[in-house]
1. Does the range 1-57 come out rounded, prolate or oblate by the C-alpha gyration tensor, with a ≥ b ≥ c the root eigenvalues, rounded set by a/c under 1.5 and, if not, prolate when a/b is larger than b/c and oblate if not?
2. Between 11, 77, 94, whose Cα lies farthest towards the positive end of the dipole of the chain when Lys and Arg beta carbons carry +1 and Asp and Glu beta carbons carry -1, centred on the Cα centre?
3. With each label point set 7 Å from Cα along the Cα-Cβ vector, what nm distance links residue 23 and residue 112?
4. Tally Lys/Arg at +1 and Asp/Glu at -1 over every other residue whose Cβ is under 14 Å from the Cβ of residue 54; what's the total?
5. Among residues other than residue 81 whose Cβ falls under 14 Å from its Cβ, what is the net charge (Lys/Arg +1, Asp/Glu -1)?
6. Under a GNM of the chain (C-alpha, springs under 10 Å), which listed residue has the highest mean-square fluctuation: 90, 53, 68?
7. Give, rounded to the nearest 20 debye, the magnitude of the charge dipole that the range 1-110 has about its Cα centre when Lys and Arg contribute +1 at Cβ and Asp and Glu contribute -1 at Cβ.
8. Tell me the net charge near residue 21. Cut-off is 12 Å between Cβ atoms, residue 21 excluded, with +1 for each Lys or Arg and -1 for each Asp or Glu.
Amino acid sequence: QVQFVESGGGLVQPGGSLRLSCAASGHSFSGYVMGWYRQSPGKQRESVATITTRGITNYADSVKGRFTISRDNAKNTVYLQMSSLKPEDTAVYYCNLSWTNYNFWGQGTQVTVSS
């Protein structure tokens, strides 16, 4: 059973920054993708950013240039550095591990951008 420890969410003013981290354990997969998704009330969960084992990244258009995803393979940890945050970034952010047809999800961490 894959387990996640997420941290770093909270309340921040518009224009501010936050860093999310997610450590995964309980698996022995290789070549898996890790990423961050988010969901706000009344909306579907959407992909924010993903990163492969080799460091290939993909970003949603809405966060390009503001968010940076990175990972430490030795620690099975993925990070999301969020800058220039906007109120529309407010959501629950979920860590994801994807391997072949399997998807595993963290419990989510709330990010609120408000003055």
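The values are calculated or read from the model by the stated rules, or taken from the named source; none is laboratory data. Not measured: the values here are computed from a predicted model. Because the Cβ atoms are built from the backbone with ideal geometry, glycine has one as well, and the counts that use them run over all protein chains shown. Ligands, DNA and RNA are excluded from the accessible area calculation, which covers all protein heavy atoms including side chains. Shrake-Rupley method; radii C 1.70, N 1.55, O 1.52, S 1.80 Å.
1. prolate
2. 77
3. 2.7
4. Counting the neighbours of residue 54, the net charge comes to 0.
5. With Lys, Arg at +1 and Asp, Glu at -1, the neighbours total +2.
6. Ranking 90, 53, 68 by mean-square fluctuation puts 53 first.
7. 120
8. Residues close to residue 21 contribute a combined charge of +1.
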